[in-house]
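Enquirer: Please see the structure below; I have some questions.
The values are calculated or read from the model by the stated rules, or taken from the named source; none is laboratory data. This is a predicted model, so every value here is computed, not measured. All Cβ positions, glycine included, derive from the backbone under ideal geometry; neighbour counts span all protein chains shown.
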Amino acid sequence: MTTSAAITRYYEHILQRAPTADELSAAVSSVDGGTQSLTQIRDSLATSSEAVTFIDQIIRIYQAAFNRLPDITGMQGAGGDGGWPDQLRADPTTLFTIAAGFTNSQEFLNIYGSNTVSTNFLNALYSNVLGRTPSAEEIAAWFATGQSASEILIGFSNSAEFQNNTASEVLALKQASGDAADQSSVYNGTDPLISSGSTFTLTTATDTFTGTSSDDTFSGVFENGGTTTINSADTLDGAGGTGDALNIRAIDNASGGSTVAPQVSNTENFYITNQDATSNDFFALDFTSTTGEVAVWSKSSVAGSVTRALNVDATTAGLDSTQGTLAVNFSGARTGTSDAFSLNVIGSGTSTAAAVFQTITSSASDDSTFEVANITTSTSDSFVQLGTGSMSLTTVNVSGSNKLTMTETSSTLSTVSASGMTGGGVDITATSSTATGFSFTGSGSDDRILLTNTTLNNASSLNGGNGSDTLASTSFSVTASVINSATNFTTLESTSGGNLTASDFTGINRFLFSGDGSTGRSSISGVETSDSFVFSADQSQTDEALRFTGQNAGTTLTFELQAQSGTDGQVEVFANTNSGNDNAAVGFGGNISSVVINSTVSGTQTNANAIYAVDNNYNHYAFDNQGGPSNFTITGDHALTITALAGVSMSSSTDTIGFESAVNVNAADLSGVLRIAGSNSADVIAGGGAADIIYGLGGDDTLTGNGGADQFRFVGFNATDRITDFSNGEDKVGSNVIDFGNTTATTAGATLNAADYVDNRAAITAIGSADGNKVIELQGASSTTQVQTDTGAAVEAYVLVFNSTTGRGELWYDSDWSNTGRTQVATFDTITDLAGVTGFSNTDFVEFVA
């Protein structure tokens, strides 16, 4: 073929017109002169603005309307009329004429079911053209335009999304047409632009649809008393393909339930989206007149919905991003001991409402004829309940890539295996099982199996696999020899708390208390330094919710408070009553010399973990450490409160105390906020990296805030605290003793009003009657003797002074500065000169409630 002939064909087959003499001459000269190749000429025409404007639009609107390529008549015309590209060149509004003709054609109606703008019509366009489900906002936006079906069709075919989706295919089509001797072999009017099946939107009439050789989709809607497009009289044939699908959206079911039984063949997958949340108003798809089904799915159904599939010849079901219940009647008789069904699970259920799967008979009664469930997970984590107590499964096998949290309700369950999983792990609750010889095999990820203590004590094989695995029971009343023979478990869990002798267990040294411990004290003995005790739920009792006893002298106790997501998900350990006696939240029975407290969170929680005792008009402590440990280390990433709850009075009259005996508390490695009260003895307390609140209480305490804007709070004046790292402008001194006249106290601590701060008194002798209920910053240094013996007006006030004798800044209090009965409240180690004292301001003080 000559260069001229090849270039002419490119113009005629790509642009659907002949070249002008100048165009042909220029292109031939470019090729013959070696400037461009023929392929480059072809591609420049295929990507030209002319091709994009007049050819691409025609190709896309055929695909959008009919899911196929244009035919040669559409591109070239017939009888000398010229094809659609020529007419579009002559009149840009031709596209509207084309779209109107297309939307009124029988071919279009066969695919979309209607050319009336409706939600179903728009859903079908999104599915067929863009291959996705629209958002509610997108549907509303199309309705708001007021456009006709033909105008909306153009909107889809010319949308940026569709242009991007089809750009490579449209270009390849033009290139192929340019190379073809006969372009009718390219524009054949049958093949799809993108190799996929067709989408058929069912109508309210009786439909008879036959699919293509590819994977087709049939879509119908059930709406009791409304627009129902899936009917028992419909006949649907998927024809070729191996992935044909029938999608049914049940919007509103009849009272007492609705059932449809269409005639379906050669269609492999059935997806039911049940949007009716009334459990009695089920939706049922009857497969009596269906052949060739492979799997039935509940997809994106709502919580509370009940979906049934009846007379299903296959034995595979699925849950995809769904909630509610899917109940499947698998047809056929089962008389063996290993009859199995398969369940595919994708991102279904929630942590508070599991998706439910169960097997039923054709009359929707319980089916207990299956023994084996083979479950496969993928894409995202799922929460599933298997059965409602009527199944008789003996074996559950789990494979797949994503975590499965599942409750299995069969009393006969004796085997669970997750060894086939490639990721995610399992969390299985099987407390309904009463089987003897229970066997569990975990995955390579973190697994958990929960059994009653009776079933666990009679288990035969327990292997956690790899990962950090948990063996859980309804109590710690388990047989140590059974637990010690289990392999690859790192944690032993009780869902109800209870007493525990930790030294009985040789292979596990992490113990999880995940249940409410309000039914009785948890006495934990045999504690060894290598052990850790985790509390993920509240522990409460009239006195000593927890009591720890070491196995050997000098034991370090490590325990963790692990907050959970959700309302009141923080963990609180507390003593709630014991009227007439001292009480404590945590007690010690001996051999515990030091304590490590780890405050953590699993998920998201803003409330602090807490350890405290409720005021009962007697002494009440977070820790009764009298004769016990004095060294406490606090670590973790979540806020922790020890006694100093917001809103609880810490004044000496309430006897609200953190520790019964003096303590050395180091929270340097805690990143969460620490609120802590010490003992009434001399304590050493160091905060962490956040804005901590520290009450030294009685005794000459040494207090260190460490990082963050800390508050050092004073509720009494029977001792002098030493603050080692006070930083002006960041840290605060807190008081609730003086009622400052211009400051309104808050539980968080309200910054002292400037009118409640006096910074122009040279010495104590200058204190006047107007200085009552204020903080007075002395502008001159005073010796210890002067601070103790000088007098001023008869007012209650704090005095902030640089003590020239000690070389430190100090805070003093007196209820009457006209006499000498005053008390030193605090020494500031970081204030070493008068300038340090005069560097204070009202913003360094807060007044707090409680």
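Enquirer: For residues that are closer than 18 Å to L69 by Cα and outside any helix (DSSP H, G or I), scanning just the range 105-138, find the one that is modelled with the lowest pLDDT.
Expert: Filtering the range 105-138 for residues that are closer than 18 Å to L69 by Cα and outside any helix (DSSP H, G or I), the one modelled with the lowest pLDDT comes out as G131.
Enquirer: (1) in a strand (DSSP E or B); (2) touching a Gly at 6+ places or on another chain (Cβ under 8 Å); (3) not basic (K, R): which one isn't true of A682, the others all being true?
Expert: With respect to (1) in a strand (DSSP E or B); (2) touching a Gly at 6+ places or on another chain (Cβ under 8 Å); (3) not basic (K, R), A682 is out only on (1).
Enquirer: Within the range 528-568, can you find the residues that are touching a Lys or Arg at 6+ places or on another chain (Cβ under 9 Å), modelled with pLDDT of 95 or more and part of a loop (DSSP other than H, G, I, E, B)?
Expert: Matches in the range 528-568: D531 only.
Enquirer: Would you mention how many residues in the range 762-802 are part of a strand (DSSP E or B) and either touching a Pro at 6+ places or on another chain (Cβ under 7 Å) or touching a residue at least 24 places away in the same chain (Cβ under 8 Å) (or both)? Give the steps one after another, and end with the answer.
Expert: Of all residues in the range 762-802, those part of a strand (DSSP E or B) come to 774-778, 782, 797-802.
Remaining after also requiring either touching a Pro at 6+ places or on another chain (Cβ under 7 Å) or touching a residue at least 24 places away in the same chain (Cβ under 8 Å) (or both): 774-778, 797-802.
Total satisfying the criteria: 11.
Enquirer: Quick test of your reading of the structure: R308 fulfils all but one of (1) within 17 Å of D381 (Cα to Cα); (2) of a type outside the set (S, T, N, Q); (3) in contact (Cβ under 8 Å) with a residue 40 or more places away in the chain. Name the failing condition by number.
Expert: (1)
Enquirer: If I filter the range 368-379 down to residues being out of contact with any Lys or Arg (no Cβ under 9 Å at 6 or more places or on another chain) and surrounded by fewer than 21 Cβ atoms within 10 Å (Cβ to Cβ), which single residue comes out as nearest to L413 (Cα to Cα)?
Expert: Initial filter on the range 368-379 (out of contact with any Lys or Arg (no Cβ under 9 Å at 6 or more places or on another chain)): 368, 372-376, 378-379.
Going one step further and asking which of them are surrounded by fewer than 21 Cβ atoms within 10 Å (Cβ to Cβ), we end up with 368, 372, 374, 376, 378-379.
Values: S368: 12, V372: 9, N374: 13, T376: 18, S378: 24, T379: 27 Å.
Top of the filtered list is V372.
Enquirer: From the list S105, S127, exactly one residue is among the polar types (S, T, N, Q), closer than 21 Å to A167 by Cα, surrounded by 12 or more Cβ atoms within 10 Å (Cβ to Cβ) and in the same structural domain as S157 (by TED's automatic domain parsing). Which is it?
Expert: After applying the criteria, what remains is S127.
Enquirer: Determine which member of the set G442, G520 is within 27 Å of L393 (Cβ to Cβ) and small (G, A, S).
Expert: Working: G520 fails: within 27 Å of L393 (Cβ to Cβ).
When all the criteria are applied, what remains is G442.
Enquirer: Return the residues of the range 521-545 that are of a type in the set (F, W, Y) and surrounded by fewer than 20 Cβ atoms within 10 Å (Cβ to Cβ); say none if nothing qualifies.
Expert: Scanning the range 521-545 gives no hits.
Enquirer: I would also like to ask the following. Give me a count of the residues in the range 614-653 that are within 22 Å of S602 (Cα to Cα) and buried (at least 22 other Cβ atoms within 10 Å of the Cβ).
Expert: 7
Here is a yes/no grid of residues against (1) in contact (Cβ under 8 Å) with a residue 12 or more places away in the chain; (2) farther than 22 Å from D771 by Cβ; (3) in a loop (DSSP other than H, G, I, E, B):
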| residue | (1), (2), (3) |
| --- | --- |
| G688 | yes, yes, yes |
| I694 | yes, yes, no |
| N706 | yes, yes, yes |
| F717 | yes, no, yes |
| S727 | yes, yes, yes |
| F740 | yes, no, yes |
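Enquirer: Identify the residue in the range 240-250 that is buried (at least 18 other Cβ atoms within 10 Å of the Cβ) and of a type outside the set (K, R) and, among all such residues, is farthest from A317 (Cα to Cα).
Expert: In this case the residue turns out to be G241.
Enquirer: Oh, and also: Being part of a strand (DSSP E or B) and not charged (D, E, K, R) is the filter; apply it to the range 230-239 and report the residue that is surrounded by the fewest Cβ atoms within 10 Å (Cβ to Cβ).
Expert: T235
Enquirer: Within the range 644-665, how many residues are modelled with pLDDT of 85 or more and touching a Lys or Arg at 6+ places or on another chain (Cβ under 8 Å)?
Expert: The number of residues fulfilling the criteria is 3.
Enquirer: Right, another one. Mind listing just one residue for me: the one in the range 395-430 that is in contact with an Asp or Glu (Cβ under 9 Å, 6 or more places away or on another chain) and of a type in the set (V, I, T) and, of those, farthest from S378 (Cα to Cα)?
Expert: T412
Enquirer: Residues that are surrounded by 15 or more Cβ atoms within 10 Å (Cβ to Cβ) and among the acidic types (D, E): find the strands (runs of 3 or more DSSP E) completely inside the range 139-229 holding 2 or more of those.
Expert: Ranges flagged: none.
Enquirer: Just checking, does the range 324-342 include any residue being outside any strand (DSSP E or B) and buried (at least 19 other Cβ atoms within 10 Å of the Cβ)?
Expert: yes
Enquirer: Further, regarding this structure: Keeping to the range 538-580, report how many residues are closer than 15 Å to V601 by Cβ and of a type in the set (S, T, Y).
Expert: Of the residues in that region, 2 qualify.
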